[in-house]
């Protein structure tokens with residue numbers, strides 16, 4: 001199930017934050033939590049996370065798993081690569097047993113929101129019609145995408 005929120009609250013137990021290289025360097029994010037901003041700035045200073053395309057970095061803050069996801073440079077940003085990167089982040093082993101995931105997008109433009117929905121719905125689809133019932137151990141997940149109030 002996909003739902004939409006206007007603000008990132010980081011209260012669902014896990015979050016995927018999609019960041020471009022420029023956002024990481026300039027410390028400009030689509031959320032207001034100062035603890036998360038400080039952590040990203042520290043990781044950037046220590047050169048552990050820079051926002052390069054496909055880069056994943058899990059961190060634990062206040063019992064919440066936050067997966068920092070790099071989407072590359074803003075000038076080279078494509079919706080197809082964003083879909084692939086977000087799909088890989090959502091399907092990563094770090095989020096395998098999590099039931100609710102909050103997704104923070106790099107911007108609030110309509111094409112980016114649509115690409116995120118497609119990444120979640122189409123990218124996580126599994127054909128398991130012919131599996132035995134004991135093999136269908138699928139965890140139902142809820143995705144909360146952060147969008148503007150439009």
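Worth pointing out:
- Sole exception among (1) in contact (Cβ under 8 Å) with a residue 40 or more places away in the chain; (2) surrounded by 17 or more Cβ atoms within 10 Å (Cβ to Cβ); (3) over 16 Å from residue 108 (Cα atoms) for residue 55, by number: (1)
- Residues of region 90-107 classified as assigned to a loop (DSSP other than H, G, I, E, B) and more than 13 Å from residue 146 (Cα to Cα), total: 6
- Residue 24 in a strand (DSSP E or B) and more than 11 Å from the chain's Cα centre (by Cα): no
- The residues listed here are 83, 87; of these, the one that is more than 19 Å from residue 23 (Cα to Cα) and at pLDDT 90 or above is 87.
- Residue check for residue 15: touching a residue at least 24 places away in the same chain (Cβ under 8 Å) and in a loop (DSSP other than H, G, I, E, B): no
- Residues in region 108-150 that are assigned to a loop (DSSP other than H, G, I, E, B), in contact with a helix residue (DSSP H, G or I) (Cβ under 9 Å, 6 or more places away or on another chain), at pLDDT 65 or above and within 30 Å of residue 27 (Cβ to Cβ): 123, 147.
- Matching residues, region 96-107, being at pLDDT 90 or above and in contact with a helix residue (DSSP H, G or I) (Cβ under 8 Å, 6 or more places away or on another chain): 101, 103, 105
- Residue match in region 78-86 (condition: outside any helix (DSSP H, G or I) and closer than 22 Å to residue 3 by Cβ): no
The values are calculated or read from the model by the stated rules, or taken from the named source; none is laboratory data. Everything numeric here is computed off the predicted structure, so don't read it as measured data. With ideal geometry, Cβ positions are generated from the backbone for all residues, glycine too; neighbour counts draw on all protein chains shown.
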